[in-house]
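Structure first, commentary second.
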Amino acid sequence: MAEHPKILIGASIPRSGHHFLARLLKEILREDLHYCEFYTPPGCCKRIPCTKRTGAALIYQKQHDRKGEVPQDVARALYVVQHRHSIPQALSDRELNLADAPARQPAPWRRSRAYHEQWLAAQGAYVRRFHDRWIAAGPPNAIRIAYERLSAEPEAVLAELLEAAGLPPRPERIAEAVAAVRPVRVSGVLGAPHRFTPRRIEDSPAFEPDLHGAYEDWLLPRIPAFGFSRMVPEGRIAGHPLAALLLLTDTREALPDGETDRLSAAARIAPGHPAIEMLLADRERRGGEPAAAFRRLLALAERAPYWAPLWPRLFQLAEQLRERVPAALLTGEAMVTLSGEPQVLLRGAAALLREYRATEALAAIAIAAEFLPPEATGARAEAHLLRSSALLMLRDRRRALAEAEAAHALDPENPRVAAALERARTAAEDHAGKGRA
């Protein structure tokens, strides 16, 4: 059995009960189960099926099959396909997406309506692909488990799963596992356990009736094998910004009558949408019009400073064109957004210093320094260098010298750092001399 373990290959839409099922199986099988989380463990083989063979009788492997990467021809495997109604699934996944954590993109961007629309378009295209691959079709050696049934009758689902895997059903062990696991469910970005309660979509902080109604209006006709009924009567896809983003995300979508260009069609449906403006700027840049792209991104930064992806490209174009990014664009919202791009934020701090906005520059540097990786010594030296310049503007010469010395300790061969250190020393010495006089 250890040489030829039984293999369960998961293919689950996120937030469809995978972790609940995995905990139940661990409780039932204990040391006979080897669980492969696939996405985050260090040293993971990243193979399907998992090659990290142990003495376990059963291997259970997690996969969301976002890009159709799960092979469907592993003959000795049982595919465990998990799914959930698209609206509560999207709400649960969006709530996870909204939670702050070190690996997540900056909150102002993620929390914006425009990003929610872009995110939901990607979600819809993924659910459609999953439906076509695993529900409307798929390998014969598969068991399909709806979240709603798993939550309502876990004992029956577990018995069917064990039987399909060729394992004894163990009804007593199943009952014990359900009693131990069911009262508490792991959820949330930090995995904090909480008491499980059935979801009401109206109670979700992510619920937006017109947006989720448009999402359902588009999605349900394209995933008939799920058999879902509509949950959100409000909202229609026709003319909705989500329709424009789906045109760009799901290339199976037919262009509207009379349209020949996907991006232009999307721009006509949702003019000014940040995600579309970014693509239009990219087209202008690639087409030899960097100045037009720069102007477009400047306008977007003024209107939507929270849109994180625009800033690296804006500064890159400014450098290419030898233009300046106006410091007025670097609002507090922009600075928080750029916590996810700390080295870009340092370029913003330099822009602030060029306009003698030292206090704001210090705020930008503080945010950037907090999120710079420890190994980024050059960027850390730059942060100290910029802080020294800001403090000199504020006539805090003693601290300016300490910052220049810290920059020199990190990057002693950099002539800019050496020059800044000399300036800070001269300023400190002159100030000390005047004090003695």
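Here are some notes:
- Averaged over its residues, the chain has an accessible area of 48 Å² per residue, based on protein heavy atoms and a 1.4 Å probe.
- Rounded to 5, the percent of DSSP beta bridges in the chain classed as antiparallel: 15
- Estimated distance in nm for a label pair at R30 and A254, the labels positioned 7 Å out from Cα along Cα-to-Cβ: 6.0
- With K and R counted +1 and D and E -1, the other residues having a Cβ less than 11 Å from that of H240 yield a net charge of -2.
- Gaussian network model of the chain, Cα within-10 Å springs - most flexible of N97, N414, N141: N414
- Degrees separating the helix 113-130 axis from the principal Cα axis of the chain, which is the longest one: 30
- Kirkwood radius and radius of gyration were both taken over the C-alpha atoms of the chain, and their ratio Rg/Rh is 1.07.
- The chain: most fluctuating residue of Q89, Q316, Q123 per GNM, C-alpha cutoff 10 Å: Q316
- q = 0.10, 0.16, 0.23 Å⁻¹: log10 I(q)/I(0) that the Debye formula gives for segment 313-430, counting C-alpha atoms only: -0.28, -0.72, -1.31
- Sparse-neighbourhood loop sites, GluC sites (Glu not before Pro) in segment 44-131 - DSSP loop, at most 15 other Cβ within 10 angstrom: E69
- 11 Å beta-carbon shell around T337, net charge (K/R +1, D/E -1): 0
- Loop-resident sites, segment 379-437, for GluC sites (Glu not before Pro), counting at most 14 other Cβ within 10 Å (DSSP): E413
- Principal-axis tilt of helix 358-371 within the chain, Cα atoms, nearest 10 degrees: 40
- Each label point was placed 7 Å from the Cα along the Cα-to-Cβ direction; for E370 and T51 their separation is 4.3 nm.
- Qualifying trypsin sites (Lys or Arg not before Pro) for segment 376-428 [loop in DSSP, other Cβ within 10 Å: at most 14]: R395
- Close Lys pairs in the chain, defined as Cα atoms under 29 Å apart and 8 or more places apart or on different chains, number 13.
- Working note: 222 nm ellipticity from helices only, DSSP H runs with n ≥ 4, each -39,500 (n - 2.57), summed and divided by the residues of the chain, gives -16000 deg cm²/dmol to the nearest 500.
- Remark on the chain: C44, C45 stand apart, with no other cysteine beta carbon under 4.7 Å.
- To the nearest ten degrees, helix 86-98 and the longest principal axis of the Cα atoms of the chain are 30 degrees apart.
- Mean-position separation - Cα centroids, segment 290-341 and segment 103-164, in angstrom: 36
- A Gaussian network model of the chain, with springs between Cα atoms under 10 Å, assigns the largest mean-square fluctuation among P233, P106, P154 to P233.
- Using only side-chain charges placed at the Cβ, +1 for Lys and Arg and -1 for Asp and Glu, the dipole size of segment 300-437 relative to its Cα centre rounds to 460 debye.
- Cβ-placed point charges (K, R +1; D, E -1), dipole of segment 310-381 about Cα centre in debye, nearest 20: 220
The values are calculated or read from the model by the stated rules, or taken from the named source; none is laboratory data. Treat the numbers as computed from the prediction; the structure is a model and nothing was measured. Backbone-built Cβ (ideal geometry, glycine too); neighbour counts: all protein chains shown. These accessible areas exclude ligands, DNA and RNA; they are computed on the full protein's heavy atoms, side chains included. Shrake-Rupley method; radii C 1.70, N 1.55, O 1.52, S 1.80 Å.
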